[in-house]
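Notes for the one structure printed next.
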Amino acid sequence: MIFCNLGSGSKGNSSLIKSSTTAILIDQGFSIKQLVYRMNLRGIDPREVEAIVLTHEHTDHVSGVAPFARRYRVSVYMTRKTFETINQKKFYNVEVITFQSGDTIKIGDILVKTFHIPHDAADPIGLVVSSNGKSIGVLTDIGSPIESLLYHIRDVNLLLLESNHDVFMLLNGPYPLNVIRRIKSRVGHLSNDQAVSFFSRIRDSGNLEYLVLGHLSETNNDPSLVRELFEGANHNDKIKIEIASQDLPTALIEL
């Protein structure tokens with residue numbers, strides 16, 4: 001399998017996962033022009049994409065879904081509750097396939113296991129995407145590292161994990177109090193400390209090869225700080241660590 005995060009942050013999110021025969025996107029929060037540009041930087045042909053799977057309805061994850069799906073005739077998968085929440089008129093001439101959180105979806109030779117996550121959306125989900133004996137976990141936009149998440153991603157080979165903010169920077173930054181409370185709440189976003197603690201609990205599972213840290217706040221975080229924290233928790237440099245950017249795609253990661 002191949003993984004590439006095409007961008008991660010409050011201005012847009014999308015990741016490509018490709019098996020030997022099938023390519024899918026997880027979320028699509030960019031304009032077509034911007035997403036195709038990022039794909040081209042990594043030699044990815046947008047015509048290969050067969051489906052887009054949405055984790056939730058927030059704008060930075062869905063704003064570019066319908067235009068991309070129409071242009072490239074791509075099916076869009078989302079939970080029924082998510083579909084009921086979005087502006088359905090934007091999805092004219094798009095094949096929308098709904099499911100329930102907890103379902104496993106088959107797209108070509110890829111299996112997508114879905115499960116509930118704590119976030120302030122209608123029906124937010126995390127994912128484990130599997131094919132040919134390899135699996136990739138997607139955990140972004142989660143307010144608290146609840147125990148069930150550890151169960152779902154316990155065997156993944158690559159994990160995309162949110163490390164959104166440094167608590168000191170958040171509390172002393174420019175955000176109004178109501179926004180700070182929302183981010184820190186159990187349905188907000190993971191802090192660096194929460195994410196490091198979560199990583200420390202799965203680090204020695206035996207299967208994890210890559211950790212990709214995403215959804216870093218441009219206002220309340222610093223990539224160099226995140227790297228320092230996680231490399232300090234990465235015993236014997238066992239796991240390769242990448243930090244996803246808002247502005248550029250990661251390298252192609254092959255499992």
Options 139, 225, 171: the member that is of a type in the set (A, V, I, L, M), in contact with a Leu (Cβ under 9 Å, 6 or more places away or on another chain) and modelled with pLDDT of 95 or more: 139
Restricting attention to region 140-156, which residues are of a type in the set (Asp, Glu) and in a helix (DSSP H, G or I)? 147
Test: residue 206 is out of contact with any helix residue (DSSP H, G or I) (no Cβ under 7 Å at 6 or more places or on another chain) and either part of a helix (DSSP H, G or I) or at pLDDT below 95 (or both): yes
It is to be established whether one or more residues within region 25-37 are under 19 Å from the mean Cα position of the chain (by Cα) and acidic (Asp, Glu). yes
Region 6-19: number of residues that are free of Cβ contacts under 8 Å to residues at least 40 places away in the same chain and either more than 25 Å from residue 191 (Cα to Cα) or surrounded by fewer than 23 Cβ atoms within 10 Å (Cβ to Cβ) (or both): 1
Out of 123, 141, which single residue is acidic (Asp, Glu), more than 17 Å from residue 24 (Cβ to Cβ) and buried (at least 23 other Cβ atoms within 10 Å of the Cβ)? 141
Selection from region 20-76 of residues surrounded by fewer than 22 Cβ atoms within 10 Å (Cβ to Cβ), within 21 Å of residue 248 (Cα to Cα) and polar (S, T, N, Q) yields 31, 34, 40, 59, 63
For region 82-116, which positions are without any contact (Cβ under 8 Å) to a residue 60 or more places away in the chain and over 19 Å from residue 28 (Cβ atoms)? 84, 100, 101, 102, 103, 104, 106, 111, 113, 115, 116
How do the strands (runs of 3 or more DSSP E) wholly within region 1-99 filter down when requiring 1 or more residues that are among the charged types (D, E, K, R): which remain? 14-18, 49-53
Would it be correct to say that residue 225 is in a helix (DSSP H, G or I) and in contact with an Asp or Glu (Cβ under 9 Å, 6 or more places away or on another chain)? yes
Only one of 206, 188 that is without any contact (Cβ under 8 Å) to a residue 12 or more places away in the chain and touching an Asp or Glu at 6+ places or on another chain (Cβ under 9 Å): 206
Among the candidates 157, 164, 172, residue that is surrounded by 21 or more Cβ atoms within 10 Å (Cβ to Cβ) and of a type outside the set (Lys, Arg): 164
For region 211-244 the number of residues that are within 23 Å of residue 30 (Cβ to Cβ) and either free of Cβ contacts under 8 Å to residues at least 40 places away in the same chain or surrounded by 16 or more Cβ atoms within 10 Å (Cβ to Cβ) (or both) is 13
I'd like to know if region 49-59 contains one or more residues that are among the polar types (S, T, N, Q), in contact (Cβ under 8 Å) with a residue 40 or more places away in the chain and closer than 21 Å to residue 127 by Cβ. yes
Would you mention how many residues in region 180-200 are assigned to a helix (DSSP H, G or I) and loosely packed, with under 14 Cβ neighbours inside 10 Å? 4
Among (1) part of a helix (DSSP H, G or I); (2) in contact (Cβ under 8 Å) with a residue 40 or more places away in the chain; (3) farther than 17 Å from residue 165 by Cβ; (4) of a type outside the set (Phe, Trp, Tyr), which single condition is residue 250 missing? (1)
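The values are calculated or read from the model by the stated rules, or taken from the named source; none is laboratory data. Treat the numbers as computed from the prediction; the structure is a model and nothing was measured. Every residue, glycine as well, gets a Cβ built from its backbone with ideal geometry; the counts of neighbours run over all protein chains shown.
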